[in-house]
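Read through the structure below, which is laid out as structure tokens, and then see the notes.
The values are calculated or read from the model by the stated rules, or taken from the named source; none is laboratory data. For clarity, every value in this text was computed on a predicted model and none was experimentally measured. Here the Cβ positions follow ideal geometry from the backbone for every residue, glycine too, while neighbour counts run over all protein chains shown. All accessible areas refer to the heavy atoms of the entire protein, side chains included, with ligands and DNA or RNA removed. Shrake-Rupley method; radii C 1.70, N 1.55, O 1.52, S 1.80 Å.
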Amino acid sequence: MNPDTEYIEVAVALPVFHAFTYGVPESLAEFVAIGKRVLVPFGRRRITGYILGPGQDVDDKEIKAILDILDEQPLFAPAMVPFFRWISEYYKFPLGEVIKNALPGGLNVRDDARISLTPEGEVALAGGGLDPISQQVLGQVQPGPCLARELYKKLDQNIPGTLLYALEQRGLISRQWELTKARTRARRERFVRLADPPPDAGPLSRARAKIIDVLAGSGEISVRQLKGIIPTAAALIKPLEQAGYLTVRHRRVFRDPFGESIKPDSALVLNREQARAVATICSNFTKGYRAFLLRGVTGSGKTEVYMQVADEVLKGGRCVLVLVPEIALITQMERRFRARFGDCVGVLHSGLSAGERYDQWTRILQGTATIVIGARSAIFAPFENVGIIIVDEEHDSSYKQEGKLRYNARDLALVRAKQNGCLALLGSATPSIQSYHNAVTGKFHELILARRVEQRPLPEIDIVDLRETRDTRGVGRYISPPLQQAIHETLERREQALLFLNRRGYASFPVCSACGQPMRCKYCDISLTLHQRTNSYRCHYCGFSRSSVSACDGCGSEKIKHLGLGTEKLESMIAKLFPLARLARMDRDTTTRKGSIIKLLKGLRDKTTDILVGTQMVAKGHDFPNITLVGIICADLSLSFPDFRAGERTFQLLAQVAGRAGRGDRPGRVILQTYNPDHFSIEAARQQDFESFYQQEIGFRNALQYPPYSRLVQFKISGKNLRETKKHAYLLGDLCQSLKAGQGTQYQGIDIMGPIEASLTRIARRYRWQILLKGLNTRVLHQFVNHLMRDHAGVFSRPQVLVAIDVDPVFMM
């Protein structure tokens, strides 16, 4: 930006939808640039803002000046600003908070209010006569001052700002504003080297002489590395520096998120289908935006296509962004890309520490990371010249963010590619109905890999009808005789087996044997799951837990029957059936610690694991060449969900997990256990026939006018008071109906479904209702929502009852 710029447009990290104009003091003008953070006054506070561009020329009397510029270099490129604006408009989310969500966490500074009790407040508290909430607030600050956010946590509720203001006006509390510092900063370390010329001094001690010898051979080295060689080095650095032997300087270092080094590899020879796909994609590099759907069966070599396309993009001087649906998959993808491309690979995902994420972000800005691999949040990687955005396993629902900014990274990949005039490549063996429909209608260009690499056959899939064993007792009810026999034969051949059950824990339905009441979560309307490893009942929605020896809440009986099945119980059953087999389990409970996923994958790669038990984490794109048997314990778990995508998700999950078998030199086999062998989703998965599944499913979608033939917006209403939440849901429903009826024919094409209680009626103490809007015209549907938000803003901003807007919802529960 021009150093003479008098006004700048700033988005603030607060829940306000528009940007603000600020003045720039002359002393700061030369440091202004789009993408930098600024400290700005906002009301009585000081908060972080983001420079978006030049501001409008307005009345000087209304303009406040920025207080400081917080960055030496911009945190995002000017090309990202239209992207952030689009996200804010489409997903109905404040612009400043969009940017805040995109950037590494812990960077922002802001004023926090420290609340103190005044002498007048002491008197009022002792005398009584206050309303209950005011009494609670004064009682919490009586022992000593505390920050407003700490007060909210202690009271476990949102305190209206008007209440704190009223208490302050009455002289019962005082508020002082304190500027909090950023939590995330660059790491700096001390580096030492020999002074030139060296001093003319006497003999040194053995330890000091050893330091001199190490530096003579190493040149400059960090004090941390030196301590690894000489443990006492840190205490000797300063005396040696003062004596003139050493020079010391501080340098920025990047935290390493990778760990072990990778052996380099080279590009593989492509088969005819792969070569055709690569050639088609590369021929479009100079043609602006194009979207490709790479539909390849499991094991067809899609990753090799990604890497060879990425190589061509890098040769053209542009950058590559690769999205994968979950952190568990990043490790495998990152290792393959690092082996091929080396140190130019960076990673971005929520599993990194705040410091590691900040360092990776900086590497991208500096241009040292030209390939970035990450989960959904990596869509915000600050590339200025991205050449292609690759979305692996594009069908996966994990690309949809739940909570706060509810974006879909797959959809944003297409938006960003279009805005940047580059290519988008979506890959999957089981594409989403939406993406495949786009290919059928010509919006995407379809590329097909119909065969596995090296002419390997797809696995043979056998169905076991569980209705025939429903009355069987013991292990045979869950692990049928054909599956037991197949596991035994696999172990005899010294091959590996994978057992898939999409439910973690030991027992998913603990129930009192005396009164029949299930063990329920204290804060959710859901039963708890027994986790034997931690000796606890746990809620998978809010995290509530209680001891496994707890008695029934209804009758006090300690006789609890542990019904239902989870991966933990399945692992225990398999251990009893095959005591000599080496088992591993891959679910959220076993992969939370850093490095745990690498350890599990290494066990499979080194053949120190015979049987892997896992949830859907094992179904997503992993390459296990030694697994020849896949056992699907119950294929029906997701079929009964109250969601129009239940059949699609079931087919995708079954086809994907079946695809883990036979990816090496030996053929694979799948045993699929089900209570619904005739369901078209299961039959299509057995035949591994995506097109037949699509033809049946798209007919249902068309008949009901569900996506891809329409668009959805969901209002998610939640509150801690059941009556108030229901009342608010009906109020919002009435406003929707009134708006539709009052605008003539403009909004007649919009269907308003609800309000209705959510399938999960209470989660984390909050009662849940929902309203679903369906429209055939995307523009009109968004106009309707914008109209509603503009005319009834207060309905969407009440602290007691929250209304979240979910555009293109994926999780309907």
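What does the highest-first list of 660-668, 611-619 look like by mean Cβ count within 10 Å? It would help to have the intermediate numbers written out before the result.
Working: 660-668: 20.2, 611-619: 24.8.
Ranked by mean Cβ neighbours within 10 Å, highest first: 611-619, 660-668.
Nothing charged except the Cβ atoms of Lys and Arg (+1) and of Asp and Glu (-1): what's the magnitude of the dipole of region 406-535 about its Cα centre? Round to the nearest 20 debye. Display every interim value, and only then the final one.
Details: 19 positive and 12 negative charges, 133 e Å.
In debye, rounded to 20, region 406-535 gives about 640.
Go ahead and run the numbers for FRET between Asn535 and Ala514, Cβ-Cβ distance against an R0 of 25 Å, rounding to 0.05.
Working: r = 22 Å, r/R0 = 0.86.
In this case the efficiency is close to 0.70.
So, in nm, how far is label Val248 from label Gln783 when the simple model puts each one 7 Å beyond its Cα toward the Cβ?
6.9 nm
Please report, in cubic angstrom per residue, the volume enclosed by the convex hull of the alpha-carbon atoms of region 754-813.
Working: hull volume 5.4 nm³, N = 60.
Taking only Cα atoms, region 754-813 has a hull volume of 90 Å³ per residue.
Sorted by packing (mean other beta-carbon atoms within 10 Å per residue), highest first, where do 7-20, 595-608 land?
Values: 7-20: 19.0, 595-608: 15.4.
Final packing ranking: 7-20, 595-608.
Under 14 Å Cα-Cα from Lys263, which aspartates and glutamates qualify once same-chain neighbours fewer than 8 residues away are excluded?
Within reach: Glu334, Asp343.
Place a point 7 Å from the Cα of Cys555 along the Cα-to-Cβ direction; which residues of region 506-541 have their backbone N under 18 Å from it?
Only 510-520 pass the distance filter.
Mind ordering 431-437, 511-517 by average Cβ neighbours within 10 Å, highest first?
On the way: 431-437: 22.0, 511-517: 15.0.
In decreasing order of mean packing, 431-437, 511-517 become 431-437, 511-517.
If you project the alpha carbons of the chain onto the principal axes, what extent comes out on each, in Å, largest first?
The Cα atoms of the chain stretch 81, 78, 63 Å along their principal axes.
Can you pull a Stokes-Einstein diffusion coefficient for region 517-573 at 10 °C (1.306 mPa s), Rh from Kirkwood over Cα pairs, as a whole number of µm²/s? Don't skip to the end; give the middle numbers.
Details: Rh = 11.9 Å.
D = 134 µm²/s.
Kirkwood hydrodynamic radius, computed over distinct alpha-carbon pairs, for region 226-343: how many Å, to one decimal? Intermediate values should be presented prior to the final figure.
Details: mean 1/r = 0.0541 Å⁻¹.
For region 226-343, the Kirkwood estimate is 18.5 Å.
Just read off the accessible area of Phe509 with the full protein assembly in place, 1.4 Å probe, to the nearest 10 Å².
Here the accessible area works out near 90 Å².
Glu648: net charge of surrounding residues, Cβ under 11 Å, Lys/Arg +1, Asp/Glu -1, itself excluded? Don't skip to the end; give the middle numbers.
Numbers: positive: Arg645, Arg649, Arg701; negative: Asp643, Glu697.
Around Glu648, the surrounding residues sum to +1.
Grab the Cα-Cα distance for Glu446 and Thr469, subtract it from 0.36 nm times how many residues apart they are, and report the gain in nm with one decimal.
Answer, rounded to one decimal: 4.0 nm.
Treat region 406-493 as a sphere of radius equal to its Kirkwood radius over Cα pairs and apply Stokes-Einstein at 4 °C in a medium of 1.567 mPa s; give the translational diffusion coefficient in µm²/s, rounded to a whole number. Let's see the in-between values first.
Working: Rh = 17.9 Å.
Result for D is 72 µm²/s.
Could I have the simple spin-label model distance between Leu722 and Ser547, label points 7 Å from Cα toward Cβ, reported in nm to one decimal?
In this crude label model, Leu722 to Ser547 measures out at 3.0 nm.
Could you list the trypsin sites (Lys or Arg not before Pro) in region 460-525 that lie in coil according to DSSP, counting only those with at most 16 other Cβ atoms within 10 Å of their Cβ? Mind showing how you got there, number by number?
Details: sites: Arg467, Arg470, Arg473, Arg477, Arg493, Arg494, Arg503, Arg504, Arg520, Lys522; in loops: Arg470, Arg473, Arg493, Arg494, Arg503, Arg504, Lys522.
Filter output for region 460-525: Arg470, Arg473, Arg493, Arg494, Lys522.
Calculate what fraction, in whole %, of the accessible area of the chain sits on carbon and sulfur atoms when a 1.4 Å probe is rolled over the protein chains.
Numbers: 18310 of 37320 Å².
Answer for the chain is 49 percent, counting heavy atoms of protein chains only.
Quick one: which of Lys522/Lys561; Lys400/Lys726; Lys576/Lys602; Lys36/Lys404; Lys720/Lys740 span more than 21 angstrom between C-alpha atoms?
Working: Lys522/Lys561 19 Å; Lys400/Lys726 27 Å; Lys576/Lys602 24 Å; Lys36/Lys404 23 Å; Lys720/Lys740 30 Å.
Going by Cα-Cα distance, Lys400/Lys726; Lys576/Lys602; Lys36/Lys404; Lys720/Lys740 fall outside the 21 Å limit.
Looking at region 656-709 from every direction and averaging, what is the projected area of its Cα convex hull in nm²? Mind showing how you got there, number by number?
Details: hull surface 19.4 nm².
Mean shadow area of the hull around the Cα atoms is 4.8 nm².
Using the heavy atoms of the protein chains alone and a 1.4 angstrom probe, what is the accessible area of the chain per residue in square angstrom? Working shown, then result.
On the way: 37320 Å² over 813 residues.
In whole numbers, the chain has 46 Å² accessible per residue.
For n ≥ 4 DSSP H runs only, could you compute -39500 (n - 2.57) per run for the chain, divide by its residues and tell me the 222 nm figure to the nearest 500? Don't jump to the answer; show the numbers that get you there.
Working: 23 runs with 261 residues, N = 813.
That calculation yields -10000 deg cm²/dmol at 222 nm.
What translational D, rounded to a whole number of µm²/s, comes out for region 609-733 from Stokes-Einstein when the hydrodynamic radius is the Kirkwood one over Cα pairs, at 4 °C and 1.567 mPa s? Write down the numbers at each step before the final one.
Details: Rh = 17.2 Å.
So the translational diffusion coefficient is about 75 µm²/s.
Just grab the label-to-label distance for Ala354 and Met753, each label 7 Å out from Cα along the Cβ direction, in nm (one decimal).
4.1 nm
Along the charge dipole of the chain, Cβ charges K/R +1 and D/E -1, which of Gln366, Thr298, Leu117 sits furthest on the positive end?
Leu117
If one computes the Cα centroid of region 3-39 and of region 537-610, what distance in Å separates the two points?
First find each Cα centre; the distance between them is then 52 Å.
Roughly how many debye, to the nearest 20, is the charge dipole of the chain about its Cα centre, given +1 on each Lys and Arg Cβ, -1 on each Asp and Glu Cβ, and no other charges?
1600 debye
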